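Everything on this sheet refers to the single structure shown next.
The values are calculated or read from the model by the stated rules, or taken from the named source; none is laboratory data. Worth saying up front: this structure is predicted, and the values here are computed from it rather than measured. Backbone-built Cβ (ideal geometry, glycine too); neighbour counts: all protein chains shown.
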Amino acid sequence: MIIYNVTVKIEHVIANQWLLWLKNVHIPELIATGCFTHATILRLMEVDETDGPTYAIQYHAESKALYNRYIDKFSDDMRKKSIDKWGNQFIAFRSVMQVVH
């Protein structure tokens with residue numbers, strides 16, 4: 001199992017709208033690529049929220065090949081949609097992890 005983790009800090013002014021969009025639009029579109037089985041949304045705790053809340057979204061892929069397929073075929077478009085919608089009101093960084101237990 002591979003977890004594609006996207007950590008996002010959202011400005012307060014869009015936080016509620018962004019979370020609704022994430023749940024109702026972005027995650028369903030990403031799951032529809034067939035590369036991931038499901039996603040989990042987590043809110044980071046005990047972090048500075050002066051500039052807004054921070055979320056980690058974990059997308060679960062059954063194999064590295066499926067994750068690679070997402071990166072090769074879909075990731076650029078998905079990132080562009082996020083930027084087109086929210087501009088510079090968020091920052092994101094990504095990491096890939098392998099479940100070992």
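Just the residues that are within 21 Å of LYS73 (Cα to Cα), exposed (fewer than 15 other Cβ atoms within 10 Å of the Cβ) and without any contact (Cβ under 8 Å) to a residue 40 or more places away in the chain, please, taken from the stretch 1-30.
VAL25, PRO28
How many residues, within the stretch 55-77, are surrounded by 17 or more Cβ atoms within 10 Å (Cβ to Cβ) and either among the aliphatic types (A, V, I, L, M) or touching a Gly at 6+ places or on another chain (Cβ under 6 Å) (or both)?
3
Is it the case that THR33 is outside any strand (DSSP E or B), surrounded by 12 or more Cβ atoms within 10 Å (Cβ to Cβ) and among the hydroxyl-bearing types (Ser, Thr, Tyr)?
yes
Filter the stretch 78-98 down to the residues that are surrounded by 15 or more Cβ atoms within 10 Å (Cβ to Cβ) and of a type in the set (S, T, N, Q) and list them by number.
Those that are surrounded by 15 or more Cβ atoms within 10 Å (Cβ to Cβ) and of a type in the set (S, T, N, Q): SER82, GLN89.
Enumerate the pairs (first residue in the stretch 86-101 and closer than 18 Å to ALA56 by Cβ and touching a residue at least 40 places away in the same chain (Cβ under 8 Å); second residue anywhere and in a loop (DSSP other than H, G, I, E, B) and hydrophobic (A, V, I, L, M, F, W, C)) with beta-carbon separation below 8 Å, excluding pairs fewer than 6 apart on the same chain, so at least 6 apart or on different chains.
GLN98/MET1; VAL99/MET1
Considering every residue within the stretch 60-78, establish whether at least one is out of contact with any Cys (no Cβ under 7 Å at 6 or more places or on another chain), at pLDDT 95 or above and in a strand (DSSP E or B).
yes
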